[in-house]
Amino acid sequence: MNLRRALLIALPYAWLLALFLVPFGIVLKISLSDMALAIPPYVPTLDIAAGWTGLKEFFSQLDFENFVFLTEDDLYWRAYLSSLRIAALSTLITLIVGFPIAYGMSRASDAWRPTLMMLVILPFWTSFLIRVYSWMGILSQQGLLNQFLLWTGLISEPLTILNTNIAVYIGIVYTYLPFMILPIYASLEKLDDSLLEAAEDLGCSRLQAFWLVTVPLARAGVIAGCFLVFIPAIGEFVIPSVLGGSRTLMIGKVLWEEFFSNRDWPVASAVAVVLLLILVVPIILFQRNEQRQREQEQ
Amino acid sequence: MNMVQQESPTVFAPWEDPEQKPLIRFIDVTKRFGDFTAIESLNLDIYEREFFALLGPSGCGKTTLMRMLAGFEAPTEGTILLDGADIAPVPPNRRAVNMMFQSYALFPHLTVEQNIAFGLKRSKMTKGEIADRVQEMLRLVRLEPFARRKPHQISGGQRQRVALARSLAKAPRLLLLDEPMGALDKKLRQETQFELMDIQEKTGTTFVIVTHDQEEAMTVASRVAVMDHGRLIQVATPDGIYENPNSLYVADFIGEVNIFRGHARALGDNRYEFTWAEGKAPFTAVSERDDIPASGPCSLAIRPEKIAITAERPEGALNAIEGTVLDIAYLGSTSTYHVQLPEGQVIKAQIANNRRISRRSFNWDDRVWLSFTETAGILLPGHG
């Protein structure tokens, strides 16, 4: 009985160890190494055959040089800050767009709900890359959006949207919107209508009832949605490289360039380790929110 | 006890006093949802300080009636007056009417205290007044130690009391209770019923309660309205409804009843001869109703506890029939005997278990005599 229990607990931990901790250990090790023109492009590499002396030799060559370098070149911290800002602002916009959609879905009749839910999930049936590329066709100078605006006469010159930060925001909000809608919808759907009637009965106007009952009860869903958008948006690479311009500074893009353009694996790994450390804080907060919500539901 | 007001020795019965102005008047109220008629041209007066019960099976319109009082539904036709004024244009948040919801509808994100204060904060009261009122309410429902708990941290019975305190906090002219004890177990429900009556008396608020539990309605209410298919079938005091049901529907709905279908013939002096089976001695029944035909189809309804069981035919009994004990339902304080007549009909007779069960006089398959007095049965016109 105890063995089975131990096995049940051991399995997910083994999974976590193999798929998260081991790769993280490797990346951490590379970040402490030096760049080299070799395969793999860094030194030192562990030579197990050399035994104890080899191991000592190996550890003595590891240092924090790359992390120090990250603080010296202002490109990196500016990229981190810029990523945080873009992620935060996109999260806010996603919330502003997503909340009314989730609210509308939760108020819709039972017959309509599965259809609306389907419409939210439908974009996942197409590759994320294709969807981001298709935004190029919409946002470019000769794109659908500009053609439409010129046709309506709202503008006389085509707008430059593609390859700017605005395109990045549009891309992130578009891509991550379902992650905002679904948790908010889940919390609003559980909302008992009699709570709103009770609020009205006790003297609230409709609007007051919304602010005093609906919004606080959707809080857990809103927080969950915000984290689900914010966390991946910080490290986002595809959207800024496809839709953003040369001036768009995001850490995911920097990371990619360090790895593949500069082939500087150690510095790239250091960037990745720092990014992970930055993300640990919101991830812990997210877990706490989920736990508190579970406790409340008991 | 709920019918007698402490300050005056007279019986509380404002509905019998033509001088009294009702607190609520339904005048020809009809409510339709599409093709479905939930309430059909209903007239009803409810008086101040009454504990009024709306009783009926689900779908009979009782909840719709209550929701119209709260303001969540508007009548399709007719008028509802509160204190003599039409309430149709008053939105629910401005009505001096509060409601206790069947699900309690406590705000899960607020503490017990904050839940009770919720309505008070929408009024013009100062912070100090609100705090005092909340304390008063917590005392009334004996929840002071739980003031800072969230609804999910207290028991079902406590939640029910929070809901009651919250709906009473604004001192409404009228309190609506939608199946207030539906979620409680039987024992707790009985305790709560007396508590509710006590609180109603203390606060002097008019209560309208919706329930499908006839025992509950009988216990708490000063008057009971029995509803069916959007109509009021009978409005009367609990004993009036039980002892003098105006129809077979009410007689059957409230408590247990045996129904004989037969033919009545007037003997004069309010006495009737009731023939119910070929070759059987007719029953004699007394009725003061004026709608009993001089000779025509009638039904006789008799409560099980009004039927006596004896081994021999009792001397001088006007109404007596013989049968065989088919079943005995032992309920603790009473036993219900199911006695089958030779014609096949099964009659229920209830007797108090005032001696130990091992010493009971009758057993399965025993031949017994059932008898009842001429005033025990209720004679009703028609066969329902």
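For the stretch A:164-197, which positions are within 14 Å of another protein chain (Cβ to nearest Cβ), in contact (Cβ under 8 Å) with a residue 12 or more places away in the chain and assigned to a helix (DSSP H, G or I)?
A:SER187, A:LEU188, A:LEU195, A:LEU196
Quick check: anything in the stretch A:254-271 at pLDDT below 90, within 14 Å of another protein chain (Cβ to nearest Cβ) and either buried (at least 21 other Cβ atoms within 10 Å of the Cβ) or not in a helix (DSSP H, G or I) (or both)?
No.
Restricting to helices (runs of 4 or more DSSP H) lying wholly in the stretch A:110-158: which have 3 or more residues that are closer than 16 Å to A:ILE170 by Cα?
Those helices (runs of 4 or more DSSP H) span A:128-139, A:144-152.
Give the residues of the stretch A:40-63 that are surrounded by fewer than 11 Cβ atoms within 10 Å (Cβ to Cβ) and either within 10 Å of A:ALA270 (Cβ to Cβ) or within 32 Å of the chain's Cα centre (by Cα) (or both), sorted by residue number.
Within the stretch A:40-63, A:PRO40 is the sole residue that qualifies.
Quick one: would you say B:ALA105 is in a loop (DSSP other than H, G, I, E, B), under 32 Å from the mean Cα position of the chain (by Cα) and either of a type in the set (D, E, K, R) or surrounded by 21 or more Cβ atoms within 10 Å (Cβ to Cβ) (or both)?
Yes, satisfied.
Tell me which residues, restricted to the stretch A:224-263, are out of contact with any Pro (no Cβ under 8 Å at 6 or more places or on another chain), in contact (Cβ under 8 Å) with a residue 12 or more places away in the chain and aromatic (Phe, Trp, Tyr).
A:PHE237, A:TRP256
Here are some residues: B:ILE154, B:ILE199. Which one is in contact with a Phe, Trp or Tyr (Cβ under 7 Å, 6 or more places away or on another chain) and aliphatic (A, V, I, L, M)?
Working: B:ILE199 fails: in contact with a Phe, Trp or Tyr (Cβ under 7 Å, 6 or more places away or on another chain).
Residue meeting the stated conditions: B:ILE154.
Testing B:PRO180 on (1) surrounded by 15 or more Cβ atoms within 10 Å (Cβ to Cβ); (2) modelled with pLDDT of 95 or more; (3) farther than 24 Å from A:LEU188 by Cα, one condition comes back false. Which one is that?
Looking at each condition in turn, B:PRO180 falls short on (2).
Just wondering, is there one or more residues in the stretch B:17-25 that are touching a helix residue (DSSP H, G or I) at 6+ places or on another chain (Cβ under 6 Å), in a loop (DSSP other than H, G, I, E, B) and among the polar types (S, T, N, Q)? I'd like the intermediate steps shown before the answer.
To start, the set of residues in the stretch B:17-25 that are touching a helix residue (DSSP H, G or I) at 6+ places or on another chain (Cβ under 6 Å) comprises B:20.
With in a loop (DSSP other than H, G, I, E, B) added as a condition, the list becomes B:20.
Those left that are additionally among the polar types (S, T, N, Q): B:20.
Within the stretch B:17-25 (the criterion being touching a helix residue (DSSP H, G or I) at 6+ places or on another chain (Cβ under 6 Å), in a loop (DSSP other than H, G, I, E, B) and among the polar types (S, T, N, Q)), the answer is yes, since at least one residue qualifies.
How many residues does the stretch A:219-245 contain that are within 10 Å of chain B (Cβ to nearest Cβ) and either buried (at least 20 other Cβ atoms within 10 Å of the Cβ) or not in a helix (DSSP H, G or I) (or both)? Give the derivation first.
Going residue by residue through the stretch A:219-245, those that are within 10 Å of chain B (Cβ to nearest Cβ) are A:219-220.
Next cut, either buried (at least 20 other Cβ atoms within 10 Å of the Cβ) or not in a helix (DSSP H, G or I) (or both) only: A:220.
Residues meeting the conditions: 1.
Only one of (1) over 30 Å from A:GLN287 (Cα atoms); (2) touching a helix residue (DSSP H, G or I) at 6+ places or on another chain (Cβ under 7 Å) is not met by A:LEU150, so which one is it?
Of (1) over 30 Å from A:GLN287 (Cα atoms); (2) touching a helix residue (DSSP H, G or I) at 6+ places or on another chain (Cβ under 7 Å), only one is false for A:LEU150: (2).
Of everything in the stretch B:91-122, what is among the small types (Gly, Ala, Ser) and facing chain A (nearest Cβ under 7 Å)? Give them in sequence order.
Once the filter is applied, which keeps residues that are among the small types (Gly, Ala, Ser) and facing chain A (nearest Cβ under 7 Å), the stretch B:91-122 yields B:SER103, B:ALA105, B:GLY119.
Restricting to the stretch B:232-242, what's the tally of residues that are touching a residue at least 12 places away in the same chain (Cβ under 8 Å) and part of a helix (DSSP H, G or I)? I'd like the intermediate steps shown before the answer.
Going through the stretch B:232-242, the residues touching a residue at least 12 places away in the same chain (Cβ under 8 Å) turn out to be B:232-238, B:241-242.
If we keep only those that are part of a helix (DSSP H, G or I) as well, we get B:238, B:241-242.
Qualifying residue count, the stretch B:232-242: 3.
(1) within 11 Å of chain A (Cβ to nearest Cβ); (2) buried (at least 16 other Cβ atoms within 10 Å of the Cβ); (3) at pLDDT below 95: which one isn't true of B:LYS62, the others all being true?
The number of the failed condition is (1).
List every residue pair whose Cβ atoms lie under 6 Å apart, where the two residues are 6 or more positions apart in sequence or sit on different chains, the first residue falls within the stretch A:269-298 and is under 30 Å from B:ILE154 (Cα atoms) and assigned by TED's automatic domain parsing to the domain that holds A:SER83, and the second residue, located anywhere, is surrounded by 15 or more Cβ atoms within 10 Å (Cβ to Cβ) and not basic (Lys, Arg).
Between residues of the stretch A:269-298 that are under 30 Å from B:ILE154 (Cα atoms) and assigned by TED's automatic domain parsing to the domain that holds A:SER83 and residues that are surrounded by 15 or more Cβ atoms within 10 Å (Cβ to Cβ) and not basic (Lys, Arg), the close pairs are A:PHE286/A:PHE227; A:ASN289/A:ILE223; A:GLN293/A:ALA220.
In the stretch B:341-359, which residues are touching a Phe, Trp or Tyr at 6+ places or on another chain (Cβ under 9 Å) and in a strand (DSSP E or B)?
Of everything in the stretch B:341-359, those that are touching a Phe, Trp or Tyr at 6+ places or on another chain (Cβ under 9 Å) and in a strand (DSSP E or B) turn out to be B:ILE347, B:LYS348, B:ALA349, B:GLN350, B:ILE351.
Return yes or no: is A:PHE99 surrounded by 17 or more Cβ atoms within 10 Å (Cβ to Cβ) and outside the structural domain of A:LEU279 (by TED's automatic domain parsing)?
Numbers: surrounded by 17 or more Cβ atoms within 10 Å (Cβ to Cβ): yes; outside the structural domain of A:LEU279 (by TED's automatic domain parsing): no.
Taking the combined requirement at face value, the residue does not satisfy it.
Kindly establish whether A:ILE121 is surrounded by 13 or more Cβ atoms within 10 Å (Cβ to Cβ) and aliphatic (A, V, I, L, M). Before the answer, list the steps.
Numbers: surrounded by 13 or more Cβ atoms within 10 Å (Cβ to Cβ): no; aliphatic (A, V, I, L, M): yes.
No: the conditions fail for A:ILE121.
What's the number of the condition A:LEU84 fails, among (1) surrounded by 14 or more Cβ atoms within 10 Å (Cβ to Cβ); (2) more than 28 Å from A:ASN165 (Cβ to Cβ)?
The number of the failed condition is (2).
Considering the stretch A:20-76 alone, what residues qualify as being closer than 27 Å to A:SER261 by Cβ and of a type in the set (D, E, K, R)?
A:LYS29, A:ASP34, A:ASP63, A:GLU65, A:GLU72, A:ASP73, A:ASP74
I'm trying to understand the selection: among the residues of the stretch B:65-90, which are touching a strand residue (DSSP E or B) at 6+ places or on another chain (Cβ under 6 Å), part of a loop (DSSP other than H, G, I, E, B) and within 14 Å of another protein chain (Cβ to nearest Cβ)?
B:ILE87
So which residues in the stretch B:310-331 are surrounded by 13 or more Cβ atoms within 10 Å (Cβ to Cβ) and under 29 Å from the mean Cα position of the chain (by Cα), if there are any at all?
B:ILE328
Which of (1) free of Cβ contacts under 8 Å to residues at least 60 places away in the same chain; (2) closer than 30 Å to A:MET136 by Cβ; (3) not in a helix (DSSP H, G or I) does A:CYS204 not meet, given it meets every other one?
Tallying (1) free of Cβ contacts under 8 Å to residues at least 60 places away in the same chain; (2) closer than 30 Å to A:MET136 by Cβ; (3) not in a helix (DSSP H, G or I), A:CYS204 fails exactly one: (2).
Being in contact with a strand residue (DSSP E or B) (Cβ under 6 Å, 6 or more places away or on another chain) and among the polar types (S, T, N, Q) narrows it down to one residue among B:THR275, B:THR284; which is it? Quick ask: steps written out before the conclusion?
On the way: B:THR284 fails: in contact with a strand residue (DSSP E or B) (Cβ under 6 Å, 6 or more places away or on another chain).
From the options B:THR275, B:THR284, the qualifying one is B:THR275.
Could you give me the residue pairs with C-beta distances under 7 Å whose first residue belongs to the stretch B:143-155 and is within 14 Å of chain A (Cβ to nearest Cβ), whose second residue is loosely packed, with under 11 Cβ neighbours inside 10 Å wherever it lies, and which are 6+ apart or on separate chains?
B:HIS152/A:GLN298
Where residues in the stretch B:168-187 are touching a Gly at 6+ places or on another chain (Cβ under 8 Å) and within 14 Å of chain A (Cβ to nearest Cβ), which of them is nearest to B:GLY59 (Cα to Cα)?
Within the stretch B:168-187, the subset touching a Gly at 6+ places or on another chain (Cβ under 8 Å) is B:169-170, B:183-184.
Checking which are within 14 Å of chain A (Cβ to nearest Cβ) leaves us with B:169-170, B:183.
Working: B:ALA169: 30, B:LYS170: 30, B:ALA183: 19 Å.
Restricting to residues being touching a Gly at 6+ places or on another chain (Cβ under 8 Å) and within 14 Å of chain A (Cβ to nearest Cβ), the top hit is B:ALA183.
The values are calculated or read from the model by the stated rules, or taken from the named source; none is laboratory data. This one's a predicted model, so the numbers in the text were calculated from it and none came from an experiment. Note that we place each Cβ from the backbone using ideal geometry, even for glycine, and neighbour counts take in every protein chain shown.
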